[in-house]
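Shown next, in C-alpha cells, is the structure this report addresses.
Any read-out appearing in this document is the output of simple, stated calculations on the displayed coordinates, not a laboratory observation. Just so you know, these numbers come straight off a predicted model, no measurement behind them. No Cβ is skipped: glycine too gets one built from the backbone with ideal geometry, and neighbour counts run over all protein chains shown.
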Ligand code: NAI
Ligand code: MG
C-alpha cells in the first residue's frame with residue numbers, strides 16, 4: 001500500500017512525522033506494510049522548484065493509494081499571485097484529483113472536555129461532521145482578478161456552482177448521514193446569493209432519494225451561532241467551500257483545539273487525501289509546540305477510508321484516547337494537573353500506546 005507523504009510548510013513536517021510514526025507502529029509486529037514516499041509541496045516546493053505543486057509531486061500523489069498531507073503556505077506567500085503561493089499548490093492538487101468531499105469529523109473527546117474554552121455541559125457528547133465542498137465555489141470561480149479603474153484599485157472573485165457539483169457533495173452528505181444519526185443540515189446563504197438558492201433547490205431534490213434522512217436548511221451566519229450554542233443538534237452539516245472553511249475552524253473549538261481536527265478529502269473512487277484542518281501555524285513552527293493529534297487522527301481516517309483497514313484505524317484512535325486519558329497534553333489543550341508534552345513526545349506516546357494495545 002503506497003502512501004504519498006506531502007508534509008509541506010511550517011508545522012506540516014513536524015506533525016506529519018508523528019503520523020508517520022503512528023503508521024510505522026501499526027506496521028510493527030507483522031502489521032500491514034506501507035510504502036511511504038515523500039514529495040515537496042507548498043512554499044518549500046516553490047522555493048526549491050519554482051512551483052508549489054511540481055509535476056512529479058502531482059504524479060506521485062495521483063498514483064498513490066492514499067495521500068497524507070501536512071500544511072501548505074506561509075503568511076508571506078499568502079499575498080503573492082496564485083502561482084507563487086504555497087497554499088495554491090494544495091488547491092491545485094485537490095482540484096486535479098477532484099477531491100470534492102471534505103469530511104471534517106468534530107468529536108468532543110470525553111477525556112478532553114476540560115481543555116475547551118467552552119463549558120463542559122455545552123460540548124459534552126458533541127459528535128458531528130462538517131462536509132465541505134472542496135473543488136468549486138469562490139475558490140475556483142472565474143472571472144477573478146485585480147485591476148485599476150479610475151485610479152481606484154479593485155478586485156473581483158466569482159462564486160459559482162453547477163447543479164452537478166452541488167448534487168454530488170449533497171449525495172455524499174446523505175450517505176454519511178445514513179450511517180450516523182440521519183440528520184442533514186444544509187448550510188447556505190439563500191437569502192442573498194443565487195449560488196445558495198441553487199444549493200438549496202438541489203439539496204431538496206437529492207433528499208427525495210433519502211426519505212429516511214431528515215433535511216433542514218440553515219443560514220451560514222445563524223449556524224455559526226448555533227454551532228457554539230447547541231452543537232449537539234448537529235449530525236452532518238453540508239456546505240460550500242468557503243462557508244465550510246470558516247465553520248469548521250469555529251467547530252474546532254468544540255473539541256478544544258484546531259490541533260484536534262482531522263479531515264478526509266474523497267471522491268468516492270480515486271485516491272483520498274488526509275490532512276489536519278489546521279494550517280502551517282508559522283507562530284509555533286520549529287518549536288516542538290504543535291499538537292500532532294489532528295495529523296495522527298487524519299492517518300486513522302486514511303487507514304479507514306482509503307486502505308479499508310478499519311481495525312487498524314480504530315486502534316490508532318483508541319491509542320490517541322488512551323494517551324489523553326493518561327493526562328498527556330500539548331500546550332494548546334493543556335489543563336491543570338495534566339502532563340505537558342512537545343510534538344515529538346506526543347507522537348512517541350501515541351506510537352507506544354499503539355504498540356501496547358496491539
Ligand atoms: P493555522 O491553522 O495555521 O493557525 C491558526 C492558529 O492555530 C495559530 O495560532 C496556530 O498556532 C494554532 N494552531 C494551528 N495548528 C495547531 C496545532 N496543530 N497545534 C497547536 N496550535 C495550532 O491558520 P492561519 O494562521 O490562518 O494560517 C497559517 C498559514 O497556513 C497561512 O499561510 C495559511 O494560508 C496556511 N493555511 C494552510 C492550510 C492548509 O494547508 N490546509 C489551512 C489553513 C491555513
Ligand atoms: Mg481553513
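Observations
- For the range 1-95, the spread of Cα positions along each principal axis, largest first, Å: 48, 25, 21
- The distance between label points at residue 219 and residue 28 comes to 5.4 nm (points 7 Å beyond Cα on the Cα→Cβ vector).
- Added length on full extension, which subtracts the Cα-Cα distance from 0.36 nm per residue, residue 65 to residue 175: 37.3 nm
- 20 Å-binned pair-distance histogram of the chain (Cα, whole percent): 30, 60, 10, 0
- Note on the range 127-253: Rg/Rh from Cα positions, Kirkwood definition for Rh, rounded to two decimals, is 1.04.
- Taking a ≥ b ≥ c as the square roots of the eigenvalues of the Cα gyration tensor, the range 201-309 is classed as oblate, since a/c reaches at least 1.5 and a/b does not exceed b/c.
- Antiparallel DSSP beta bridges within the chain, as percent of all bridges there, nearest 5: 40
- With helices as the sole contributors, the chain gives -12500 deg cm²/dmol at 222 nm; each DSSP H run of n ≥ 4 counts as -39500 (n - 2.57), and the sum is divided by every residue.
- Paramagnetic reach from residue 127 in the range 162-187 [backbone N under 15 Å; point 7 Å along Cα→Cβ]: 177-183
- Modelled FRET efficiency - R0 22 Å, residue 56 with residue 98, Cβ distances, 0.05 increments: 0.65
- Segment residue 146..residue 158, full-extension length gain: 3.1 nm, with 0.36 nm per residue of separation and the alpha-carbon distance subtracted.
- Put in order of Cβ neighbour count within 10 Å, fewest first, the listed residues 67, 242, 3 become 242, 3, 67.
- Fraction of beta bridges assigned by DSSP in the range 127-253 that are antiparallel (%, nearest 5): 25
- For the range 127-253, relative contact order (Cα pairs under 8 Å, six or more residues apart, normalised by length) works out to 37 percent.
- If the segment from residue 82 to residue 352 were pulled out straight at 0.36 nm per residue, it would be longer than the present Cα-Cα gap by 93.0 nm.
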